[in-house]
Amino acid sequence: MSVAWQKDGYEAVIGLEIHVQLNTHSKMFCSCPNRFGDDPNTNVCMVCLAHPGAMPVANAEAVRQSARVGLALGCRIPPHSEFSRKQYFYPDSPKAYQISQYDQPLCAEGLFRVPGNDGFEVRLTRAHLEEDAAKMIHAGGEGGRISGSAGSIVDFNRVGTPLLEIVTEPDIRSPEDARRLLTLLRATVVAIGASDCDMEKGSLRADANVSIRPIGATEYGTKTELKNMNSFRFLERGIEAELERQLEIVRGGGMVEQETLHFDPASGSLASLRSKEQAHDYRYFPEPDLLLVHQDEVVLAELRATLPELPVARYERLVAAGLPDATALALAIDSELAAYLDALATHLNDLKIAANWTMGEFSAHLNSSGLSAAASPVTPARLGALVALVMAGTINQTAAKEVFAALVDDPAATADGIVGERNLATVGGDDELGAIIDAVLAAHPDEVEAFRGGREQVIGFLVGQCMKQSGGRADAKALQSLLRARLAS
Amino acid sequence: MTGLDVIGLTAERASSMLQARDCTAVELASAYLERIELYDGDVHGYLHVDAERTLVDAAAQDAAGTTGLAGVPIAYKDLLSTKGVPTTAGSKILEGFMPLEDADVVARGKAAGLVSLGKTNLDEFAMGSSTEHSAYGPTRNPWDLTRVPGGSSGGSAAVVAAGLAPWSLGTDTGGSIRQPAAFCGLVGLMPTYGTVPRFGVVAFACSLEQVGPITLTVRDAALLQQIIAGASERDATCTGPREPIVVPTAGRLDGITFGVPWAELEEGVEPGIRARFDRSLQIARDLGAEIVDVELPYARHGLAAYYVIAPAEASANLSRFDGVRYGLRVDAPDVRSMYEATRDAGFGPEVKRRIMIGTYVLSAGYHDAYYLQAQRVRTLIRRDFDAAFASVDAILSPTAPTTAFEFGARLDDPLAMYANDIFTLPVNLAGVPALSLPNGLVEGLPSSLQIIGPSHSENLLFRLGAAFEEAHGFDPVPPLLRGGSS
Amino acid sequence: MSVRRIELTTDEVRHVAALARLGLDDAEIERLGFELQSILGHVATISALPIADVPPTAHALDVSVELRPDVARAGLTREQALANAPDPTPDGFRVPPIGS
Ligand SMILES: [Mg+2]
Ligand SMILES: [Zn+2]
């Protein structure tokens, strides 16, 4: 069951519009490099600048990657799709129209599932391919805020970057679910390598359509559009704030107005944005410079067959293997950690123990060191050797921690080497333990008396003493049973 | 004076003179430049001429040793981008604009060694049928300087008719090559859609237009088509011709069946034009062809469909002229008023008219009734032609219902102006090729025959055209020039 | 040429001009309104045709579009890019404030 937002008899109705920049080499409709962070207006051509006579030629790889994403999100890929012109005047749009898709998108309706104990399904309306807009640097203005700016400078490097716009139905019922959906969707797109989905660089952008309605109502309330929530946290907070704002309005007997809002993470407030085309009349019509895009069934089948394991599938595999829901979810959205886990598991050929170490000692080390799983010196092979020693009873947990720390400090060291040098192997041999026990019993006659007199708990004290004598290397279980045997005799 | 008489000189003849070393490319170019100097003041066919640059290019061709058509001069409609040479599209909004690249067709002309004489006048953004809508003043018809040369490629036609260029390139969106060719007694080809690249052609209506030749002879048209036709990686709609273009030789028409859409010829065709047309049918029969009636029931809706679809595409194509990246900018306190002031000052009345129509027919509430409906009519017109070509080899009609009209005659009546393209528009809507060629004079003015063929039938059209051409024995040189020359 | 009566209010004409970002004065609005009425009056003759079942033709060719291999090539230098700009800055294109 999903986590529903419900207050004062109202429920949240949320849909997302997600823009993903595809990581192709070249732009969507021209051969300019598709690259982030270069000097302004250095990755542009006649097409980028919409010079008279410039013509768009669509990027085959962008079409291919879009189809892969569509397949990964459970969308239908129609036999042909069409590019259309979406018209609006704005300095970030050199042609004053964006080449997008209208009634024949590349990816048609789909169903995307967020798995887990409180998982849920969201219908996808479509995913269509389009071109990104230019960047405007607002002299005097701040972070994309436009009003009161003393003019702007346009940088056309970003214009024409391939964008896949993924639109969901308003099936999301809480800000948290919106965040969880976006998280899993991001993980899915990253898993197939279509985009790095870096919200800070803007290669993943999410807008939310938000409305509230009486619980159980079937028709939708007036929705507002939230823009610029450039982190998962901001998305959740922005929607939360907007739901509260709308609830305030209806509580006061007012009516929510349809508008576009801009979330300001600093103040947590929402400001109304001027819309690009006042009349919102985009005058869509088919792009005559591009013919229909036909999809070959054979090619699509091949694309479907060659998709990597997707987060949802991974989640199911891990749960089936007996991992707890939370662990499986965490690994589902973290491909790199999941890959580490799978590698470690093959060394140990025990997924559960591998998961304990991956999520425990290893994750803790990643957090403290700030390293990524792939970058950590503790490779699956090295950790595998360590865990093997524990599983064999050669060392105990206390020693294992010490060995792990040594593996982090010295990338050249091996688990066996460290255990040898520091003499960390457990003391398991009966005679050696026997000697320790004899010494301890001799040193504590009163406690021995007390135990034999029925004070069971004294055994703890005696075990402690023996462990101390062994320098912490004694195998606790063996020690217990041996000690009991001695006391019984 | 070079003493070289280029009046009526075909490109084909010019190339053989060059190869025979009867003249050099520089002498040839100089001869045209001198005539331009002398007569273009009257004709105003050129918007831009750079004699020095032309002579340098010509000298380079001489140095390289002229083969094929290398060294032959040409004029380009000023809708075609020319790298480092001003390209205005006949509009104030592009005054001083310097393209960064050549249009594909211009690049192909250069590759073939053609020497550019300059950029020719046109109706602003190719929107018009008289060249009166140029922001830089009208072009005059060499057959009668009180009359229009047709349009929108009026400059490209006039300079060839006036002996100010051996041949030229125009563009045809609704008749803009064929109608001026008709008014100026020349040959003009609207190629099959998707055979000539549009990259670098300032866009008017992308789904309708192609670049094509305006020439003195059918053979020249084929020669120029050989140069410009072919797929381009810069135009996703251009896959090139299905078969190589063949330069035709005149012959008989035995076994050819022509269709004539009699029903469409009932309205508005001047008697003189009609008489010339009937005579050309007789010529066809004499050459062994059969003439049958064909129905194009939806062709009569072509004008209406065209004046929805073309303005709709144009309204979007012209939105890029916003004063931000190039061209005219009229300063204003905020972006929106800068857009509005710039576009108000930069566009002429006909362009504004079409932007308004196009914006209206695409706007919310009207899109389906106008734009979608026009696209359905377009489907039916294509079906009409498909059905016709199932039973005939080609369709004959006059190119235009009138001869060249006088300046101002239709300027205040847009519909009357549009109606002059009644026979040419359906061809663009269907995307099929059509050849226009001289069909004798009516009261001293050229009339014209249009031969429409199925997609990729250029070679057939050239062959048929050559046959008519020879039978007509038409002299493409206006009497005025005979008087004006030497 | 057949014609249907089309009524366009001045406000409608102004709205269309606003959509098209044409800053027209009252005289132009009036003239264009008149011309639009006559031109639309003619083109509107097709809106009555009973052809709702006919598929619209949006593209001149039915074949699949030619796609481009994903190969990046250097475009223009910034100097070239800015060469035609009416109001260039050292590294970009200046536009007036967005305003309200
Ligand atoms: Mg979008
Ligand atoms: Zn580019």
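The values are calculated or read from the model by the stated rules, or taken from the named source; none is laboratory data. Just so it is clear, the model here is predicted, and its values are computed rather than measured. Glycine also receives a Cβ, built like all others from the backbone with ideal geometry; neighbour counts cover every protein chain displayed.
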Fill in: Qualifying positions in the stretch A:28-47 - more than 7 Å from every other protein chain (Cβ to nearest Cβ), more than 16 Å from ligand 1 (Cβ to nearest atom) and under 21 Å from A:L291 (Cα atoms)
A:C30, A:V47
Worksheet item: For A:A72, are the conditions met, namely being under 23 Å from A:L292 (Cβ atoms), at pLDDT 95 or above, crowded, with 23+ Cβ neighbours inside 10 Å and small (G, A, S)?
Response: no
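I'm trying to understand the selection: among the residues of the stretch B:389-399, which are surrounded by fewer than 21 Cβ atoms within 10 Å (Cβ to Cβ) and touching a residue at least 60 places away in the same chain (Cβ under 8 Å)? Write out each step before concluding.
Initial filter on the stretch B:389-399 (surrounded by fewer than 21 Cβ atoms within 10 Å (Cβ to Cβ)): B:389-391, B:393.
Once the filter is applied, which keeps residues that are surrounded by fewer than 21 Cβ atoms within 10 Å (Cβ to Cβ) and touching a residue at least 60 places away in the same chain (Cβ under 8 Å), the stretch B:389-399 yields B:F389, B:S391, B:D393.
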Worksheet item: Restricting the first residue to the stretch A:68-96 and requiring it to be at positive phi, which pairs with a second residue that is modelled with pLDDT of 95 or more and not hydroxyl-bearing (S, T, Y) meet a Cβ separation below 7 Å and a spacing of at least six or different chains?
Response: A:G74/A:G110; A:G74/A:L111; A:G74/A:F112; A:A96/A:Q87; A:A96/A:F89; A:A96/B:R320; A:A96/B:D322
Item to complete: Look through the stretch C:36-75, keep the residues that are crowded, with 20+ Cβ neighbours inside 10 Å and closer than 30 Å to B:R336 by Cα, and return whichever of them is nearest to the other protein chains (Cβ to nearest Cβ).
Response: C:G75
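Quick check on my filter: what residues within the stretch A:8-25 are part of a strand (DSSP E or B) and away from ligand 2 (no atom under 16 Å from the Cβ)?
A:Y10, A:E11, A:A12, A:V13, A:I14, A:G15, A:L16, A:E17, A:I18, A:H19, A:V20
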Item to complete: Go through the residues of the stretch B:284-293 one by one and say whether even a single one is β-branched (V, I, T) and more than 9 Å from chain C (Cβ to nearest Cβ).
Response: yes
Worksheet item: If you check A:A54, A:A62, which single one turns out to be within 16 Å of ligand 1 (Cβ to nearest atom) and on the phi < 0 side of the Ramachandran plot?
Response: A:A62
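If we scan the stretch B:248-264, do we find a residue that is within 14 Å of chain A (Cβ to nearest Cβ) and surrounded by fewer than 23 Cβ atoms within 10 Å (Cβ to Cβ)? Please lay out each step first, then the result.
Keep residues of the stretch B:248-264 that are within 14 Å of chain A (Cβ to nearest Cβ), which gives none.
Within the stretch B:248-264 (the criterion being within 14 Å of chain A (Cβ to nearest Cβ) and surrounded by fewer than 23 Cβ atoms within 10 Å (Cβ to Cβ)), the answer is no, since none of the residues qualifies.
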Worksheet item: If you scan the stretch A:387-439, which residues turn out to be closer than 25 Å to A:A354 by Cα and touching a Lys or Arg at 6+ places or on another chain (Cβ under 6 Å)?
Response: A:L407, A:T426
Practice prompt. Scan the stretch A:190-227 residue by residue and report those that are of a type in the set (A, V, I, L, M) and in contact with a Phe, Trp or Tyr (Cβ under 8 Å, 6 or more places away or on another chain).
Written response: A:M199, A:I212, A:I215, A:L226
Worksheet item: Which of (1) crowded, with 18+ Cβ neighbours inside 10 Å; (2) outside any helix (DSSP H, G or I); (3) in contact (Cβ under 8 Å) with a residue 24 or more places away in the chain does B:G323 not meet, given it meets every other one?
Response: (3)
Item to complete: Identify, by number, the condition in (1) β-branched (V, I, T); (2) surrounded by fewer than 24 Cβ atoms within 10 Å (Cβ to Cβ); (3) within 16 Å of ligand 1 (Cβ to nearest atom) that A:T24 doesn't meet.
Response: (3)
Discussion item. Tell me yes or no: at least one residue of the stretch A:65-84 is of a type in the set (F, W, Y) and at the interface with another protein chain (Cβ under 9 Å from one of its Cβ atoms).
Written reply: yes
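Residue-wise test of (1) more than 12 Å from every other protein chain (Cβ to nearest Cβ); (2) at pLDDT 95 or above; (3) more than 30 Å from B:A161 (Cβ to Cβ); (4) in contact with a Pro (Cβ under 7 Å, 6 or more places away or on another chain).
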site	(1), (2), (3), (4)
B:V330	no, yes, yes, no
B:A345	no, yes, yes, no
B:G348	no, yes, no, no
B:K352	no, yes, yes, no
B:G358	no, yes, yes, yes
B:R378	no, yes, yes, no
B:I381	no, yes, yes, yes
B:A388	yes, yes, yes, no
Response to the item:
Selection from the stretch A:378-401 of residues outside any helix (DSSP H, G or I) and modelled with pLDDT under 95 yields A:A392, A:G393, A:T394, A:I395, A:N396
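For the stretch B:218-225, state whether one or more residues are among the aliphatic types (A, V, I, L, M) and free of Cβ contacts under 8 Å to residues at least 60 places away in the same chain. Show your work before the answer.
Residues of the stretch B:218-225 among the aliphatic types (A, V, I, L, M): B:218, B:221-224.
When the remaining residues are screened for being free of Cβ contacts under 8 Å to residues at least 60 places away in the same chain, the result is none.
No: the stretch B:218-225 contains no residue that is among the aliphatic types (A, V, I, L, M) and free of Cβ contacts under 8 Å to residues at least 60 places away in the same chain.
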Response to the item:
Result of the Cβ filter at 6 Å on the stretch A:114-134, keeping first residues that are more than 21 Å from A:P78 (Cβ to Cβ) and partners that are within 11 Å of ligand 1 (Cβ to nearest atom), at least 6 apart or interchain, is A:D132/A:L163
Item to complete: Name every residue in the stretch B:63-93 that is outside any helix (DSSP H, G or I), among the β-branched types (V, I, T) and over 15 Å from the mean Cα position of the chain (by Cα), in order of residue number.
Response: B:T66, B:T67, B:V72, B:T82, B:V85, B:T87, B:T88
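At least 3 residues that are of a type in the set (A, V, I, L, M) in each: list the helices (runs of 4 or more DSSP H) lying fully within the stretch B:207-291 that qualify. Steps first, please.
Values: elements: B:218-228, B:262-265, B:271-286.
Correct list: B:218-228, B:271-286.
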Fill in: Filter pass, A:D38 being in contact (Cβ under 8 Å) with a residue 40 or more places away in the chain and either closer than 19 Å to A:S100 by Cα or away from ligand 2 (no atom under 16 Å from the Cβ) (or both)
no
Practice prompt. Go through the residues of the stretch B:26-43 one by one and say whether even a single one is within 19 Å of B:A63 (Cβ to Cβ), outside any helix (DSSP H, G or I) and of a type in the set (G, A, S).
Written response: no
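Just give me the residues in the stretch A:380-401 being in contact (Cβ under 8 Å) with a residue 12 or more places away in the chain and surrounded by fewer than 17 Cβ atoms within 10 Å (Cβ to Cβ), in sequence order. Write out each step before concluding.
Residues of the stretch A:380-401 in contact (Cβ under 8 Å) with a residue 12 or more places away in the chain: A:380-389, A:391, A:393-396, A:398-401.
Result: A:A381, A:A388, A:M391, A:G393, A:T398, A:K401.
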Item to complete: Check A:L323 against each of (1) farther than 22 Å from A:R180 by Cα; (2) touching a Lys or Arg at 6+ places or on another chain (Cβ under 8 Å) and name the one condition it does not meet.
Response: (1)
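Limited to the stretch A:402-431, what total is found for residues that are part of a helix (DSSP H, G or I) and surrounded by 13 or more Cβ atoms within 10 Å (Cβ to Cβ)?
12
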Worksheet item: From the list A:A50, A:A58, A:A62, A:A54, which residue is under 26 Å from the mean Cα position of the chain (by Cα), at pLDDT 95 or above, within 16 Å of ligand 2 (Cβ to nearest atom) and under 30 Å from B:A314 (Cβ atoms)?
Response: A:A62
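Only one of A:D155, A:D171 is over 21 Å from A:A62 (Cβ atoms) and either within 14 Å of another protein chain (Cβ to nearest Cβ) or free of Cβ contacts under 8 Å to residues at least 60 places away in the same chain (or both); which? Walk me through it before giving the result.
Values: A:D171 fails: either within 14 Å of another protein chain (Cβ to nearest Cβ) or free of Cβ contacts under 8 Å to residues at least 60 places away in the same chain (or both).
Only one candidate passes the filter, namely A:D155.
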